[in-house]
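Please read the structure below before turning to the comments.
The values are calculated or read from the model by the stated rules, or taken from the named source; none is laboratory data. Predicted, not measured: the structure shown is a model, and the values here were computed from it. Methodologically, a virtual Cβ is constructed for each residue, glycine included, from the backbone with ideal geometry; neighbour enumeration extends over all protein chains shown. Areas reflect the complete protein model, heavy atoms only, side chains present, ligands, DNA and RNA absent. Shrake-Rupley method; radii C 1.70, N 1.55, O 1.52, S 1.80 Å.
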Amino acid sequence: MNNALYYSLQVLLVIAAGALLPIVFRLALPSARLWYWQGLLGVCLLLPAVQPRHVSRIDFTIEDGPLQPGVPVKTSPAKPLPAAEILLTIYAAGVTLRAAWLLLGFWRLRSFRRNARDLYPVSPSLFAAQKALGVFPDIQFSDEVNSPVTFGFTQPVILLPPGFLDLDPGAQEAIAVHELIHVQRRDWIYSISEEIVRAVFWFHPAIWWLLGQIQLTREQVVDRATVEFTLSREQYLEALLAVAKTKVRPDLALAPLFLKKRHLAQRVAAVMNEVYMSKRRIVSSLATVFTLALLTARVAVWVFPLESSAQDVQWNQGTGVTVDTQGHKLLHGSRTEYPRAAREKKIEGTVVLQLSLDPKGEVADARVLSGPDELRSAALSSALQWHFQNESGQAGNIQASINFKDTGSPLNSNRSYPRVPGSVPAGVLKRIVLDVPDTMVEDLRRLLPVHEGETLTSESLERTLAAIRSVDEHLSLNLQTGHNDNSTVAVISLATPGQPMRTLAEPQADFDPPSGNTKRVRIGGNIQAAKLIKKTTPAYPPLAKQARIQGTVRYNVLIGTDGFIQKMQLVSGHPLLVEAATTAVQQWQYQPTLLNGEPAEVVTVIDVNFTLSQ
């Protein structure tokens, strides 16, 4: 719906500006104006295909107000607004009615032609005109029309009203030549195309106005050609006025009338005022107005950019696993593994997931909606590590699916990934490489505590890790030492689907396997922190205060299905701070993590920060 609105506004802006250009640059020659109007219509129709699109953001609704730290928030899937559905229904109904009107027009034209009678004999002047123009359509009388009508492509026909014979011979010849020129130009094909465009854009007044200008200008072009052919301007004006005196019925779909009374004044004025433009002036004027029209289109695209459904992610895992995010932009995440047991049993299928995203776009919870039981656990474990683009900054629910298909590739249970060396390279930091999306670069440059040219220490690396985790839990740090000098290159990048997320020399959690049918997943610390519902703040140890000791105590923890911490493993931290942090963390409680509606154990990381006031 947003794209439909923005595209409509783009078209409105282009046509509004384009309507002024022929006036400003005095593009008065009807044939040149016709080319311009048709080109302007082409620009409007091609806008969606030629413009770049912004990645669509993920919009959500929040039921319980804004997020508060440590307070769980229930979210609901973003549903299409009823107004959008109503507007779509109205649009479809309008297109259907216009299409029905076109079909009715075809039927009526066929009926008119079937009931018409041939004009016989053809006057010598009319036969001479046919021969000179090289077209020989069927010319017939019809009691069902009261204005000349021309239609048909392979077998064109001109229907004349009964009153045609009451006109003087000069007016008869002028009207007949006018219709013959339409046949020669094959204008009926253009009329069909324009009516189809009108049916699609039935709601857009600017398109209707532009189509009206095209039809008017086409008639002016044919008027000019008729006057040049008959060499009698007065007779042709008399023919226009004679037809204008009759009571013209409403337009027939796909059959332009000889005269629309609302165009009479403009057509008479164009016939009376002869306009001449040199070929050079025509080319230069058209080039100028088209260039300005294209610039206007570029401005319209910039002001009202279309959004694209973010590309569906299709990760080729080498084992037949593909991911479909249903239009939501997936920045990165862990690789989905095809369970060995399921592959051996030739179990295939699609696991459909409902994912709860936090304001950063990270998956905070996941639930299986459908899919084979043997594949659900692998899909859930992978989805909990995904990170989506969420420009709205609000939490909410989306759906995604993971398709498992056995491609016959050999099983490999001994897969190994490159690991970051456990020792800290000594030496000067020669260069910092930020292999991250542009949206993260500014935050990283602002928060990084190390700079090029500084000597690396264990403390500075610990602070660097904390800084990059504050930007995104999925960032990793890799240090590369030069062979010829004592220098180091720090590479900060996102974990890729082909590699697990990792950080420098970070010990992995070592807990016993879950018992029974209990499920267990690993979740990033920042994601799990959003589920904290009971937090005890640790008391700052007096000795640490006196010694002015600050820092972070890190744990690998196992959270039970009830949300309470079952086991803790100390990763790092100052000895004077560990005891206080441990006592506090043991009392924390989290909202249970649900996998397919059942509570699951969670392995995660907890950081307890101790900071002295200045």
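Some notes on this structure:
- The set of residues in region 80-121 being in contact with a helix residue (DSSP H, G or I) (Cβ under 9 Å, 6 or more places away or on another chain) and either aromatic (Phe, Trp, Tyr) or surrounded by 13 or more Cβ atoms within 10 Å (Cβ to Cβ) (or both) consists of Leu87, Leu88, Tyr91, Gly94, Val95, Arg98, Ala99, Trp101, Leu102, Gly105, Leu119.
- Of the residues making up region 449-462, one or more are modelled with pLDDT of 80 or more and surrounded by 12 or more Cβ atoms within 10 Å (Cβ to Cβ).
- The numbered conditions (1) under 27 Å from Ile90 (Cα atoms); (2) open to solvent by 60 Å² or more (accessible area, probe 1.4 Å) are all true for Ala199 except (2).
- Residue in region 409-424 that is over 27 Å from Leu595 (Cβ atoms), open to solvent by less than 30 Å² (accessible area, probe 1.4 Å) and either among the aliphatic types (A, V, I, L, M) or at pLDDT 80 or above (or both) present: yes
- The listed residue being open to solvent by 10 Å² or more (accessible area, probe 1.4 Å) and free of Cβ contacts under 8 Å to residues at least 24 places away in the same chain, out of Glu219, Glu144, Glu228: Glu228
- All positions within region 512-536 that are small (Gly, Ala, Ser) and either within 45 Å of the chain's Cα centre (by Cα) or within 21 Å of Glu459 (Cβ to Cβ) (or both): Gly524, Gly525, Ala529, Ala530
- Search result, residues across region 238-254 that are among the small types (Gly, Ala, Ser) and modelled with pLDDT under 55: Ala253
- Within region 55-66, one or more residues are at pLDDT below 85, within 28 Å of Lys360 (Cα to Cα), more than 28 Å from the chain's Cα centre (by Cα) and open to solvent by 20 Å² or more (accessible area, probe 1.4 Å).
- Those residues of region 434-469 which are part of a helix (DSSP H, G or I) and polar (S, T, N, Q), in sequence order: Thr439, Ser458, Ser460, Thr464
- Inclusion of Lys531 among residues that are open to solvent by 30 Å² or more (accessible area, probe 1.4 Å) and among the charged types (D, E, K, R) is not warranted.
- Exactly one residue out of Ala584, Ala580, Ala544, Ala539 is open to solvent by 40 Å² or more (accessible area, probe 1.4 Å), more than 41 Å from the chain's Cα centre (by Cα) and of a type outside the set (D, E, K, R), and it is Ala539.
- Subset of region 345-384 (residues that are more than 13 Å from Phe404 (Cβ to Cβ), open to solvent by 40 Å² or more (accessible area, probe 1.4 Å), among the charged types (D, E, K, R) and not in a loop (DSSP other than H, G, I, E, B)): Arg367
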